[in-house]
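S.K.: Dropping the structure in here first, questions after.
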Amino acid sequence: MFRLLIVEDMEVESQILKDFVARRLPEAQVDVALNVRDGRELLERACRQGKLYDAVILDFKLPESTGENPELDESLCEEIGLLMPDAVVAHLTAFMKDERVQEHMKVAHAQRVDKSVSFSKLDVTYPQQLVGCLRNYLYGARVESRLKKLIPRADEAAPPSRSRRDRVALMEGSLTHEIASLQREISAHWGDYDERLKVKIQRVFQVADHDGRVIVTLL
Amino acid sequence: MALTFRTQHLKQKLTESLKSEHFVIHYGMRNPREGRGLASDGVRDRVLVLTYLHALESLYNTMTGHPWGREPPPVDGSKRTHVYVFGDNPITTFDSNTLVPEIYLPCRSKEPTTQSELLRAAAEAVHEGAHLFNFRKRPYYDLSTEPWVWFDEGIAVLMETLVAAGNPDYCRFLVDWIDNPETPLDDEEAKYQAGMFMRYLVKRVGPEIVNQVWNDSLPHEDPIEALQRLMPQPETFLSADPAVKDIFGSGYCIDPYFIWDHESAALAPDIFFRFGERAVSETFVLTPGKTAQLEDALDHLACRYYRFYLKKGVKGVRVELMPEEGAAGTKLKGELVVVTTDRTRLPAEALSQSGSESGPLSVAIGSLNPDSIDHLVLVLSNCGVKSSAKFFSDHDDVKGYAVSVSAT
């Protein structure tokens, strides 16, 4: 299950996003905040409970609390960077060319460029693009982490030499369901992975089409 | 493309084979009489292979015979299931071309003695063999298999206890079952512990229920839904209703506390002697006029035990349970059991709502004689579920509650 936070002051907008996420990312549990204060509270609660967000969709222009005027706010994003450095941050804005927005994307996300994206609210297809990007990131990150846990040397591109043992795993006991579950996950989300990840997966698994469905087997 | 991990490559190195009626085991020698040795992918001698073969055939006979009556696993043109012996880990998987299931079993072991090595080998062969039979109904490449993983593992561990009777190897799965009763039955990290649940089901209801749930569940059902539907009358599998003695809360959660009791469906003296009794969350000593209070939380399909010793003069005990989300409609269930000095138990008293809807669940037991009572145990269970087939649904997890116990 993924945990997502949407911070967006326009209720209609946040509902549209929530609906998109429910349809295209059914494993996600979504929290919604309408202002900076509520967003901060949800972040802190998530930390207290040890249930960190995997992704945060963050409007750039937000009111501090309900009833106040929305203003450009980078503080929540900075807090996310500190509290949940592994979370992907998707910024929403109708002011892509605003200097402060551009400066924030350049400076704050310089070190986390693979975990931050921005979308223009003026683009009518942005919810589809945004959720597509989240699928790509979340499913990709999850399968990579499972792959690494099961097969620590899956990153290695070199063929096994005589002195190296080419084992499936370094874990104890039966791996039946660890492998089967990973195979099913890859089958279900093969289309969401980028080419780099597909190559990495294919070092360990054979991915083939069997009567119209993707079947994953051990090489 | 460079291939770092290649089971097909390893399989090709296994040039020896041993056949039985239903299996063909492919293996190689660590030190063959001639040619290149397989080092850590070869077996020391044929004893391990013969042990595997015997265990697999025993499992085959059990699962195709009464009461299991399973259909044989799918096979290829060889009419036998292929078993490959290499590496360190047992795996049941399937062939990339035919999608026919096959088994990989380890060629080596870190067990310190030959006896424990072979006991483990027999247990692992039986375990993977059970997966092989289960594969027919739920192939591992089928996405709908995911919610059934814990049930599949439970059956595999159950088969270890039935087919390899007297083989204590399955006990390696039990330490967490003893230590963490608060772990959900269907927890991903505790799937082998489901073997204890299967064992309980078989004792309480019979082996047919395990088979029925696996074979006769509907396509949209997860194991809990199938257990609810298929439980024979008058039994109910899961209910937080204090008036209902359900198999889970009032049975599987309570009985294992009495693992040493011959009256208990969870009797397991061997496990008790090895690991002791299940973990108790907190113990209190009650004196007349004293009130003990605690706050805690519980995940779905799990339980906690709270123990109360009575000092002289205690005549009655009242227990109140207040779920954080209110008592109305709560999935938390509380039952209080008196354990006598001769270690027998009196019938469990369920906590129920007696007053207003916003009031706590409670039970009061009077006319107590501390001289004849060893202790009281409050068994709290969470009869809520994780909707495992629908990952995005809320789970009945971390349900907070407060308990107050007063002695008079």
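S.K.: Using the count of nearby Cβ atoms within 10 Å as a rough guide to exposure, how do B:198, A:1 rank from fewest to most?
M.R.: Numbers: B:198 23, A:1 13.
By the 10 Å Cβ count, ascending, the order reads A:1, B:198.
S.K.: How far apart, in nm, are the 7 Å Cα→Cβ label points at residue A:94 and residue A:129?
M.R.: 1.7
S.K.: Can you put B:349, B:335 in order, fewest other beta carbons within 10 Å first?
M.R.: Values: B:349 18, B:335 23.
Least to most surrounded, the residues fall as B:349, B:335.
S.K.: Once a ≥ b ≥ c are taken as the square roots of the eigenvalues of the Cα gyration tensor of the range A:2-138, is the result rounded (a/c under 1.5), prolate (a/b larger than b/c) or oblate (a/b not larger than b/c)?
M.R.: Details: a/c = 1.14, a/b = 1.07, b/c = 1.06.
Since a/c stays below 1.5, the shape of the range A:2-138 is classed as rounded.
S.K.: Now for a separate question. Mind checking B:87-98 for the average number of partner chain beta-carbons within 10 Å of each residue's beta-carbon? Don't skip to the answer; put the middle values down first.
M.R.: On the way: counts 6, 9, 12, 4, 10, 6, 7, 5, 2, 10, 4, 0.
So the per-residue partner count for this stretch is 6.
S.K.: Under the Karplus relation 6.51 cos²θ - 1.76 cosθ + 1.60, θ = phi - 60°, what is the ordered set of whole-Hz ³J(HN,Hα) values for the range B:107-118, x standing for Gly and Pro?
M.R.: In residue order, the calculated couplings are 9, 8, 8, 9, 4, x, 10, 5, 4, 5, 4, 6 Hz.
S.K.: Out of the trypsin sites (Lys or Arg not before Pro) in the range A:31-88, which ones are loop residues according to DSSP with at most 14 other C-beta atoms within 10 Å? Let's see the in-between values first.
M.R.: Details: sites: A:37, A:40, A:45, A:48, A:51, A:61; in loops: A:51.
Passing both the DSSP loop test and the Cβ count: A:51.
S.K.: Here's another thing I want to ask about it. Percentage of Cα-Cα pair distances in chain B greater than 38 Å, rounded to whole percent?
M.R.: Working: 25768 of 83028 pairs.
When all Cα pairs of chain B are counted, 31 percent exceed 38 Å.
S.K.: If I stretch the segment between residue B:408 and residue B:189 completely, what's the gain in nm (0.36 nm per residue apart, minus their alpha carbon distance), one decimal? Each step should come with its number before you reach the end.
M.R.: Values: separation 219, 0.36 × 219 = 78.84 nm, distance 4.28 nm.
Length gained, residue B:408 through residue B:189: 74.6 nm.
S.K.: Angle, helix B:149-163 long axis vs. longest principal axis of chain B, Cα atoms, 0 to 90°, nearest 10?
M.R.: Once rounded, one gets 80 degrees.
S.K.: What distance in nm separates the simple spin-label points at residue A:149 and residue B:176, each placed 7 Å from Cα in the Cβ direction?
M.R.: Taking the two extended label points, one gets 1.1 nm.
S.K.: May I pose another question? Taking H as built 1.01 Å from N, whose amide H comes closer than 5 Å to the amide H of residue A:33, not counting residues under 5 places away?
M.R.: Placed amide hydrogens put A:6, A:7, A:8 under 5 Å from residue A:33.
S.K.: Below 19 Å, Cα to Cα, which aspartates and glutamates can residue A:97 reach? Residues fewer than 8 away in the same chain don't count.
M.R.: The qualifying aspartates and glutamates are A:59, A:71, A:73, A:74, A:123.
S.K.: Still on this structure: Excluding residues fewer than 8 places away in the same chain, name every one of the aspartates and glutamates whose C-alpha is closer than 13 Å to that of residue A:200.
M.R.: Straight-distance partners of residue A:200: A:144, A:155, A:156.
S.K.: Another one. Under 10 Å, Cα contacts only: if you run a Gaussian network model on chain B, which one of B:71, B:182, B:160 comes out with the highest mean-square fluctuation?
M.R.: Looking only at B:71, B:182, B:160, the biggest GNM fluctuation is shown by B:71.
S.K.: Taking a 29 Å limit on the Cα-Cα distance, which of the listed pairs A:149/B:386; A:61/A:149; B:290/B:399; A:148/B:11; B:137/B:386; B:290/B:333 fall beyond it?
M.R.: Working: A:149/B:386 25 Å; A:61/A:149 40 Å; B:290/B:399 27 Å; A:148/B:11 23 Å; B:137/B:386 23 Å; B:290/B:333 24 Å.
Long pairs (Cα-Cα over 29 Å): A:61/A:149.
S.K.: Running a GNM on chain B with Cα contacts under 10 Å, which residue among B:35, B:316, B:65 ends up with the highest mean-square fluctuation?
M.R.: Its mean-square fluctuation being the largest, the pick is B:35.
S.K.: Moving on. Can you compute the charge dipole magnitude of the range B:108-204 about its Cα centre, using +1 on each Lys and Arg Cβ and -1 on each Asp and Glu Cβ, nothing else charged? Give it in debye, rounded to the nearest 20.
M.R.: 480
S.K.: Express as a percent, rounded to the nearest 5, the fraction of DSSP beta bridges in the protein assembly as shown (both residues included) that run antiparallel. If you can, show how the numbers build up before the last one.
M.R.: Details: 57 of 90 bridges.
Roughly 65 percent of the beta bridges in the protein assembly as shown run antiparallel, per DSSP.
S.K.: What's the angle, to the nearest 10 degrees (0 to 90), between helix A:176-189's Cα axis and the longest principal axis of chain A?
M.R.: Approximately 50 degrees, to the nearest 10.
S.K.: Taking R0 as 22 Å, what FRET efficiency do you get between residue B:283 and residue B:398 from their Cβ-Cβ distance, rounded to the nearest 0.05? Mind showing how you got there, number by number?
M.R.: Values: r = 23 Å, r/R0 = 1.05.
Calculated transfer efficiency: 0.45.
S.K.: Then there's this: Based solely on its DSSP helices, what 222 nm [θ] is calculated for chain B when runs of n ≥ 4 H residues each add -39,500 (n - 2.57) and the sum is averaged over all residues, nearest 500 deg cm²/dmol? Kindly include the intermediate steps, with their values, before the conclusion.
M.R.: Numbers: 9 runs with 103 residues, N = 408.
Dividing the helical sum by the residues of chain B leaves -7500 deg cm²/dmol.
S.K.: Give a residue-ordered list of calculated ³J(HN,Hα) values for the range B:193-198 (Karplus: 6.51 cos²θ - 1.76 cosθ + 1.60, θ = phi - 60°; whole Hz; x for Gly, Pro).
M.R.: 5, 4, x, 5, 5, 4
S.K.: Continuing with the same structure: Over chain A, what is the relative contact order in whole percent, taking alpha-carbon pairs under 8 Å and six or more residues apart?
M.R.: On the way: 274 pairs, mean separation 31.7, N = 219.
Over chain A, the number comes to 14 percent.
S.K.: Taking the Cβ of each residue in A:199, B:100 as the centre, tally the other Cβ atoms inside 10 Å and list the residues starting with the fewest.
M.R.: On the way: A:199 13, B:100 17.
Sorted ascending by nearby Cβ count, the order is A:199, B:100.
S.K.: Still on this structure, please answer the following. Could you tell me the calculated FRET efficiency between residue A:49 and residue B:115, based on Cβ-Cβ distance and R0 = 41 angstrom, to the nearest 0.05? The partial results should precede the final answer.
M.R.: Working: r = 47 Å, r/R0 = 1.15.
Computed FRET efficiency for residue A:49 and residue B:115: 0.30.
S.K.: Roughly how big is chain B's charge dipole about its Cα centre, with Cβ charges of +1 (Lys, Arg) and -1 (Asp, Glu), in debye to the nearest 20?
M.R.: Values: 41 positive and 57 negative charges, 213 e Å.
Dipole of chain B, to the nearest 20 debye: 1020 debye.
Each reported figure results from applying straightforward, stated rules to the coordinates on display, with no laboratory input. Keep in mind that what you see is a predicted model, and the values were worked out from it rather than measured. No Cβ is skipped: glycine too gets one built from the backbone with ideal geometry, and neighbour counts run over all protein chains shown.
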